[in-house]
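Q: After the structure tokens below, expect a handful of questions from me.
Nothing in this text is a laboratory measurement; each read-out follows from the coordinates by a stated rule. Predicted, not measured: the structure shown is a model, and the values here were computed from it. Please note: Cβ atoms are built from the backbone with ideal geometry, for glycine as well, and neighbour counts cover all protein chains shown.
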Amino acid sequence: MMAATINRQRVAAALFRQNGNRYFLTFLAIVLLLPCGAPAEPHYGGTLSMAHELDAAGFDAIKARAAIGAGGNAASLIMEKLFERSAQGELIPILGLAATPSADGKTWTVQLRENVTFHDGTPFNADAVVQHWQRLLNPENRYRGRIFLGPILSVEKTEPHVVQFNLKHPWIPFTTVLTGSRGFTSRIPSPQAVANDTQNQAPVGTGPYVFREWKRGDRIVMEKNPSYWQKGYPYLDRIVLRPISDHESRYAALVSGQVDMMVTDRPVHVTKLAVHPDFATYMLERAGATVMAMNCTKPPLNDARVRRAIAHAWHQQKYIRASFKDIVPRCEDWYGRQLDCGDVDYPRHDLEQARALMAAYGRPVEIEYIHSATPRGREAGVILQQMLKEIDVRVKAVPSDFPGIMKQLFSKQYDICSWLIPDFEDMSLITMAAFHSKSPWNVYGFADPEVDRLLRKQRLSTDPQVRAETLCTIARKVNAGAPFLYLYGRTFYVFAHEKVKNITVPDHRMIPLADVWIAP
Amino acid sequence: MALVARKISRLLVIVLAVSAITFMMLNALPGDVAYVVGGEEASEADIQAIRHALGLDRPVAERYLRWLYRIAMGDLGHSYVNYAPVSEAILNRLPVTIELIVLAQIMALLLALPAGVICAHTNRSLWDRGITATAFASLSIPSFVMAFLLIFCFALKLGWLPATGFAPLSEGLGRNLKSILLPAFSIALIEWVPLMRVLRADMIQTLKEDFILMARAKGMPTWRILLRDALKPSSLTLITILGLQIGHWIGAAVVVETIFALPGVGSLLVTGIFSRDYLLVQGCVLIITVAYVVINALVDMLYTGLDPRIRREGLNV
């Protein structure tokens, strides 16, 4: 109950902060509807059903292309990490008990929990952790997240329940790699299931829920792990995750009581459900940013004046109001709440400045914008066309599906293209990948030797203050080069029926359903 | 026997042609499954390695022939995206789509048969005009709009039926029917109209035949004339339309399965198209094509049962 109260206030306050008087009535209504009373005792039993937009893509770190949608949530219930991270940044023991760095910071020794078994009866020990990490680090396996694990050289077993991570150099984000929720890096699978090649379809872990069924496009069913190592957990008997791709259908499923929770970012549903007395609202503010990538390697956008002119002509707040009814935040860097850099010098909306830059460029500009073939993508196309018309830049909006967008981006055959900077527990990882001139992830073709130098500096730095300042300087330098337009900060909403209790909102990614219970 | 063999060979040609055209069209689409498989973190080298591993760097014709060979061996291949066997994915979902289409057909016939008979019997009356106007109004609503209207009325407002999801038969017949009623009804509400119209038109002609006049002269009751004597000879076009409409029904199922989050072949096809999972799409298209041509072949055979003239003349339908 308390968690719901806090989060109602958070969402209302955020809406109010972003929109001022526009959402004042919403704010007032939400505050008046706040539930009150002491937290109730947990109730055991029952089934929780949650709707996601996307189905799982698999559960094996190597084979699954991503831990997306319902799959990410299911993986978090079935497979566990070595540690979680508290809001203060401290490690919370899960399968690991303690992580100790060496004096030179180049090795980390992790003590593992004993007497834990995987759901298939395989014992959890150093062998399981080493096998998992060796798979990820082996270049032949082409693990997609390996680019973010660069400084980790190897992982070895030193005792039956002790492993040692060997690093190239001291690396501050190391512990966030162990606690990260992105992908499958941090989640330890059963070595037996991996060896049998069943992990991708029928995942096995040590978590509070045991995988029962994955009917693609319909449901993922998990049941309570009766021999879970944390006594007294979990509360629910069963969790059913349902991918419902259509937003209206997902909304209807929640309102008609077929699912107890759902994820959405649709303004029409967010504004309706935020004031609905039967539902609690939880806002997931993620780091990262949704952007329009500008190709710095191809004329005319290889000229920084044109990119900056377009950035000056773009009005982020107007776009957010038109397309999202102000339910998502503005952003001028990609660090979210991880790092407050203050003013990061992103070109402000200034048509005079934009026209002056275009005049200095001196040639007519016609560009193609590749967007998702969705109503929201088309909307972005029309808005971009209208805004750039003001500076005589002609935009041809071209819809494309996800594979098409990926191909154009990675082969750098585009002018402007929809893209995103995903969120990580430590945004320095994605900053390195996205903006280093040699990184395959640098889809913008952005190249600045000074930024490369700063990226190396922050990676090697062991002083958090220096690192933070360096990351902010990188943001300023990247913004000065304007390799993209910011669309909005990444924010999602979860709505849950009031009977669903003990929901806590983490700083990143997924709602931890393992702690949830349902009131009788 | 020769007729059956000729029919089967014709059907095979159709299936081959459709599969070849689909294969070529899928390959002509922009985008590349390797980018989906590789994910956001894949480098260009990773993408090339994935393309090579999946055989996507080989010529289209060679890939098509390999696919055909595997089909001949009874193997639809594995999904490029999640590595699951395509045949397993389709077989798991086929019962849902079959149930949806069969139930939708039954509902459409339950609406079309009485409406068609009443319209024919009361030709140009207020009844006829009223039913025809309702039918055209129903036909003018796209299936996805109809689906949302039904969800709004029966799930959100009345709370009688679930808005989304599918309950398999293993969870009980009642739950299963409740979960599939709205999707089937949203297809039937559109598809009953052509059935009703052809039945009405044919029956109006039949009711002018001499044998109907004879029956009336004998004093047979109207209901008996309509249902026993006139309905059977009037339903030949109706049966043809039912067969030909299978493609349309499957198209409607694709939309309806997505809206109602039903785990059928239609939604599988949509997923496959968006992720450029060629083998999955090819497998779905193959199954749909086979279903289409087999059902139409069965309809051809049904003619002989319905109309003795066809049987006698051995008409090459």
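Q: With a point put 7 Å past each Cα toward its Cβ, work out how far B:Ser9 is from A:Val382 in nm, to one decimal.
A: Here the answer is 5.6 nm between the modelled labels.
Q: Report the label-to-label distance for B:Phe211 and B:His52 in nanometres (one decimal), using points 7 Å from each Cα along the Cα→Cβ vector.
A: 7.2
Q: While we're here: For A:Met222, what charge total do you get from the other residues with a beta carbon under 12 Å from its beta carbon, if Lys and Arg give +1 and Asp and Glu give -1?
A: Overall, the nearby charge balance is +1.
Q: Test of the criteria: in the stretch B:129-238, which trypsin sites (Lys or Arg not before Pro) are in a DSSP loop and have at most 11 other Cβ atoms within 10 angstrom of their Cβ? Don't skip to the answer; put the middle values down first.
A: Values: sites: B:Arg129, B:Lys157, B:Arg175, B:Lys178, B:Arg197, B:Arg200, B:Lys208, B:Arg216, B:Lys218, B:Arg224, B:Arg228; in loops: B:Lys208, B:Lys218.
In loop regions of the stretch B:129-238 (DSSP not H, G, I, E or B), the sparsely surrounded trypsin sites (Lys or Arg not before Pro) are B:Lys208, B:Lys218.
Q: Quick one: what are the phi-derived ³J(HN,Hα) couplings along the stretch A:341-353, Karplus 6.51/-1.76/1.60 with θ = phi - 60°, whole Hz, x for glycine and proline?
A: Once rounded to whole Hz, the list reads 9, x, 6, 10, 6, 6, x, 6, 5, 7, 5, 4, 4.
Q: Here's another thing I want to ask about it. Quick one: 3J(HN,Hα) in Hz for the stretch A:309-314, Karplus 6.51/-1.76/1.60 with θ = phi - 60°, rounded, Gly and Pro as x.
A: Ordered by residue, 3J(HN,Hα) equals 4, 5, 4, 5, 7, 6 Hz.
Q: I would also like to ask the following. Can you work out ³J(HN,Hα) from phi for every residue in the stretch A:101-107, in order, using Karplus 6.51 cos²θ - 1.76 cosθ + 1.60 and θ = phi - 60°, giving whole Hz and x for Gly and Pro?
A: With coefficients 6.51, -1.76 and 1.60, one gets x, 6, 4, 8, x, 9, 9 Hz.
Q: Give the long-range amide H neighbours of A:His52: residues separated by 5 or more places, or on another chain, with amide H under 5 Å away, using H modelled in the peptide plane at 1.01 Å from N.
A: Close amide H contacts, sequence-distant or interchain: A:Arg242, A:Ile244.
Q: If you put +1 on each Lys and Arg Cβ and -1 on each Asp and Glu Cβ, how big is the dipole of the protein assembly as shown around its Cα centre, in Debye rounded to 20? Before the final figure, lay out each step's value.
A: Numbers: 87 positive and 74 negative charges, 366 e Å.
With Lys and Arg at +1 and Asp and Glu at -1, about 1760 debye.
Q: Related question: Scan around A:Ser154 for amide H atoms under 5 Å from its own, H built in the peptide plane at 1.01 Å from N, and keep only partners 5 or more places away or cross-chain.
A: Excluding prolines and chain starts, which carry no amide H, the hits are A:Asn166.
Q: Also, quick follow-up: Throw me the Rg/Rh for the stretch A:77-194, computed over C-alpha atoms with Kirkwood Rh, two decimals. Before the final figure, lay out each step's value.
A: Values: Rg = 13.4 Å, Rh = 14.4 Å.
Taking Rg over the Kirkwood Rh, I get 0.93.
Q: For every other residue with a beta carbon closer than 12 angstrom to the beta carbon of B:Val4, add +1 if it is Lys or Arg and -1 if Asp or Glu, then tell me the sum.
A: Working: positive: B:Arg6, B:Lys7, B:Arg10; negative: B:Asp300.
With Lys, Arg at +1 and Asp, Glu at -1, the net is +2.
Q: Also: Can you return the aspartates and glutamates within cross-link range of A:Lys477? Criterion is Cα-Cα under 17 Å, with same-chain partners fewer than 8 residues away left out.
A: The reachable aspartates and glutamates, counting only those whose Cα sits under 17 Å from A:Lys477, are A:Asp303, A:Glu332, A:Asp333, A:Asp340, A:Asp343, A:Asp345, A:Asp448, A:Glu450, A:Asp452, A:Glu469.
Q: So for the stretch A:377-520, averaging the separation of alpha carbon pairs under 8 Å that are six or more residues apart and normalising by length, what relative contact order in percent results? Walk me through the numbers on the way to the answer.
A: Numbers: 110 pairs, mean separation 17.8, N = 144.
The normalised contact order for the stretch A:377-520 reaches 12 percent.
Q: Also, I was wondering about something else. Give the total of Lys-Lys pairs in the stretch B:91-316 with Cα-Cα distances below 28 Å; include a pair only if its members are 8 or more places apart or on different chains.
A: Details: B:Lys157/B:Lys178; B:Lys208/B:Lys218; B:Lys208/B:Lys232; B:Lys218/B:Lys232.
Within the stretch B:91-316, the lysine pair count is 4.
Q: Give me the Debye-computed log₁₀ of I(q)/I(0) at q = 0.11, 0.12, 0.14, 0.17 Å⁻¹ for the stretch B:91-316, equal point scatterers on Cα only, no solvent, two decimals.
A: The computed values of log10 I(q)/I(0) come out as -0.65, -0.76, -0.96, -1.21.
Q: If you don't mind, there's one more thing I want to ask. Cut-off is 10 Å between beta-carbons; in what order do B:Leu126, B:Leu189, B:Leu181 appear when sorted fewest neighbours first? Mind showing how you got there, number by number?
A: Details: B:Leu126 8, B:Leu189 22, B:Leu181 17.
By the 10 Å Cβ count, ascending: B:Leu126, B:Leu181, B:Leu189.
Q: Once both labels are modelled 7 Å past Cα along the beta-carbon direction, what's the A:Asn115-B:Ala2 spacing in nm?
A: With each label placed 7 Å out from Cα toward Cβ, I get 8.4 nm.
Q: Kirkwood hydrodynamic radius (Cα pairs, Å) of chain A?
A: Numbers: mean 1/r = 0.0411 Å⁻¹.
It works out to 24.3 Å.
Q: How high is the FRET efficiency from B:Arg224 to A:Lys499, r the C-beta distance, R0 41 Å, rounded to 0.05? Intermediate values should be presented prior to the final figure.
A: On the way: r = 58 Å, r/R0 = 1.42.
For B:Arg224 and A:Lys499, the calculated efficiency is 0.10.
Q: Over the stretch B:55-197, consider all pairs of different Cα atoms and compute the Kirkwood hydrodynamic radius from their mean reciprocal separation; express it in Å, one decimal. Don't skip to the answer; put the middle values down first.
A: Details: mean 1/r = 0.0543 Å⁻¹.
For the stretch B:55-197, the Kirkwood estimate is 18.4 Å.
Q: If you don't mind, another one. Can you give the local net charge around A:Leu301? Use residues other than it whose beta-carbon is closer than 15 angstrom to its beta-carbon, Lys and Arg +1, Asp and Glu -1. Don't skip to the answer; put the middle values down first.
A: Details: positive: A:Lys298, A:Arg305, A:Arg307, A:Arg308, A:Arg363, A:Arg394, A:Lys396, A:Lys412; negative: A:Asp303, A:Glu366, A:Glu368, A:Asp415.
Once all neighbours under 15 Å are counted, the net charge is +4.
Q: Can you compute the FRET efficiency between A:Lys106 and A:Phe402 using 1/(1 + (r/R0)^6), with r the Cβ-Cβ distance and R0 = 60 Å? Round to the nearest 0.05.
A: Details: r = 40 Å, r/R0 = 0.66.
Once rounded, the FRET efficiency stands at 0.90.
Q: Residue farthest toward the positive end of the dipole of the protein assembly as shown, with Cβ of Lys/Arg at +1 and Asp/Glu at -1: which of A:Met427, B:Gly55, B:Leu150?
A: Of the options given, the answer is B:Leu150.
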